[in-house]
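The next block holds one structure in the form of structure tokens; read it before the comments.
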Amino acid sequence: MVLKTCSLLSLAVLVSATLVIGLTGCGGSTGNNPTTPGGDPARYDGQWRGTTSQGRPITFTVSSAQKVTAITVGYSFNGCSGVNTFSNLNLDIGVTPNPATSLGPGFGFGSGSPEGSNYTQVYGSFRSNTTAAGTVIFGDYPGCGNAIGNWTATRE
């Protein structure tokens, strides 16, 4: 996806579409525990590192309890740049009840209300136990507006 400056309405539509296609929202899980083809629980624990479509770094940590515990994401759009770090998280990794509509087990995080200013939302899905991909939304950054982008990451 090409980085775009979007209205809040466009961001709300994107977030709604993201949630519908199977990613969890704002730190919750949609239920079922992910499993491997052999029926064993899938494991995602470790440090994940990747890049956003803005060319900025994204990292996140998955604990041995299969919870996303930290996310760091860089941004660069409309004259704003920096890094957001969110620690002490406890985000479930879950899948949708209908596997046909899921991109894979996933997680979601929101730093605040989309109606507020300067919020970040990160949605991700695990394509395998070594690769993940997702979307990041930067909303209402003072003086810079809004931006959305994609990201990919691999487990170290």
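Numbers at a glance
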{"read-out": "log₁₀ of I(q)/I(0) at q = 0.27 Å⁻¹ - segment 53-98, Debye sum with one point per alpha carbon", "value": "-0.92"}
{"read-out": "Relative contact order (%) - segment 108-155, alpha-carbon pairs under 8 angstrom, separation at least six", "value": "31 percent"}
{"read-out": "Computed over segment 104-156, Cα set: Rg, Dmax in Å", "value": "12.7, 39"}
{"read-out": "Largest-first principal axis extents of the Cα set of segment 48-143 (Å)", "value": "40, 26, 26"}
{"read-out": "Protection proxy ranking of 121-132, 139-150 - average other beta-carbon atoms within 10 Å, highest first", "value": "121-132, 139-150"}
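We did not get these values from a lab; they are worked out from the coordinates using the rules stated. Bear in mind that the values here come from a model prediction, so they are computed numbers and not experimental data. Using ideal geometry, Cβ is built from the backbone for each residue, glycine included, and neighbour counts are taken over all protein chains shown.
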